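Inspection log for the structure reproduced underneath, given as structure tokens.
Laboratory data are not the source of any read-out in this text; all were calculated from the coordinates shown. Just so we're clear, the structure is a prediction, and the values are computed from it rather than from any experiment. Note: ideal-geometry Cβ built from the backbone for every residue, glycine included; neighbour counts use all protein chains shown.
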Amino acid sequence: MKKNERKGGFGKKRDCTETFVKKQGNEKHKVFNKYGERKNDDNFDNNFQLEGRNPVLEAINSGRNIDKIIVKKGEIEGSLKVIVAKAVQRGIIVQEVDKNKMAEISKSNNCQGVIALCPAKEYVSVDDIIKIAEDKGERPFIIILDEITDPHNLGAILRTADASGVHGVIIPKRRSVGLTAVVSKTSAGAIEYVPVAKVTNISNTIDDLKKQGIWVACADMDGEEYFDSPLDGAVAVVIGSEGSGVSRLIRQKCDFSIKIPMLGKISSLNASVAAGLIMYEVVRQRNYRKNR
């Protein structure tokens with residue numbers, strides 16, 4: 001028998017790292033690991049946590065629903081003072097806690113002395129994203145993420161998406177990170193302004209986008225160099241994970257593939273860096289190429 005395995009019912013092996021379900025008072029079932037520690041799983045969180053001064057301030061300014069703001073005692077100064085003042089003005093409860101309690105509540109371990117508890121961020125529909133472009137009189141500019149599981153990558157992509165004028169980001173429901181506290185912190189507040197749609201099937205979504213006249217480009221090392229590809233029209237760009245890239249089925253659904261030239265010894269880029277380069281190539285082609 002291998003280490004960390006034991007026999008379960010009917011003689012089957014069972015991994016000792018399995019989780020156990022406990023019930024506390026009137027709360028919903030929560031999931032704990034074998035050490036009695038709470039699992040980090042958004043499906044069991046009643047509240048979504050925003051952590052960091054900039055994300056919390058942007059949430060207040062954008063009018064987002066916030067149940068409570070928690071601040072560390074003795075640190076209400078500078079931008080944190082502004083946050084508290086605006087929260088009080090909006091009628092949001094502000095609670096002060098000591099540093100130990102703050103560390104216990106924080107999920108990012110770098111909350112900068114402030115945490116906002118609010119309902120989970122609502123996802124939009126793909127049609128909502130397209131309507132945003134139509135209302136602005138612009139050609140749709142969409143980013144599709146295929147199995148991006150690192151919250152830091154998603155947060156960084158949202159931050160660049162906001163800066164480059166992306167109308168929305170599409171992520172799959174499975175095998176993808178959602179809008180977590182770490183994503184919010186990494187996005188520096190961009191999560192409040194970039195619509196995100198979560199879909200069941202990326203492949204079917206690509207078919208729907210193509211029916212609406214949107215060209216779909218796949219970031220792939222076998223594609224044409226991205227600055228020689230037509231990205232100035234209505235476009236959706238698919239970015240895959242660093243490990244496996246865009247899945248074969250999704251790649252086959254795309255209209256064409258584009259690649260970023262790699263002149264060094266390493267054959268891949270961080271997903272958020274690759275996405276950023278391509279997003280700004282769309283910006284260049286739409287706004288500056290015609291002036292060359």
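Quick check on packing: order 226-235, 164-173, 204-213 by the mean number of other C-beta atoms within 10 Å, highest mean leading.
Values: 226-235: 17.0, 164-173: 21.0, 204-213: 15.0.
Going from most to least packed, we get 164-173, 226-235, 204-213.
Any idea what the dipole of the range 48-118 comes to, in debye rounded to 20, about its Cα centre with Lys/Arg Cβ at +1 and Asp/Glu Cβ at -1? Can you show the working numbers first?
Details: 11 positive and 8 negative charges, 18 e Å.
Magnitude of the dipole: close to 80 debye.
For the range 138-155, the Karplus equation 6.51 cos²θ - 1.76 cosθ + 1.60, evaluated at θ = phi - 60°, returns couplings of 10, 6, x, 10, 10, 10, 10, 10, 9, 6, 7, 9, 8, x, 5, 5, 4, x Hz by residue, with Gly and Pro reported as x.
Compared with the direct C-alpha span, the chain from Arg284 to Ser268 gains 3.5 nm at full extension, assuming 0.36 nm per residue.
Residues whose amide H falls under 5 Å from that of Val238, counting only those 5 or more places apart or on a different chain, are Ile144, Ala217, Cys218, Ala219, with hydrogens built in the peptide plane. Amide H contacts for Thr149 (H built 1.01 Å from N in the peptide plane; partners 5 or more residues away or on another chain; cut-off under 5 Å): Val177.
Using 21 Å as the Cα-Cα cut-off, could you pick out the over-long pairs in Lys86/Lys136; Lys198/Lys253; Lys131/Lys185? Present the calculation step by step, with values, prior to reporting the outcome.
Numbers: Lys86/Lys136 30 Å; Lys198/Lys253 19 Å; Lys131/Lys185 28 Å.
Flagged as over cut-off: Lys86/Lys136; Lys131/Lys185.
With a point put 7 Å past each Cα toward its Cβ, work out how far Lys131 is from Asp222 in nm, to one decimal. Label at Lys131, label at Asp222, 3.9 nm between them. Annotation for Lys99 and Leu277: the two label points, set 7 Å from Cα along the Cα-Cβ direction, are 4.2 nm apart. Using the Cβ-Cβ distance between Ser62 and Ser203 with R0 = 35 Å, the FRET efficiency computed as 1/(1 + (r/R0)^6) comes to roughly 0.60.
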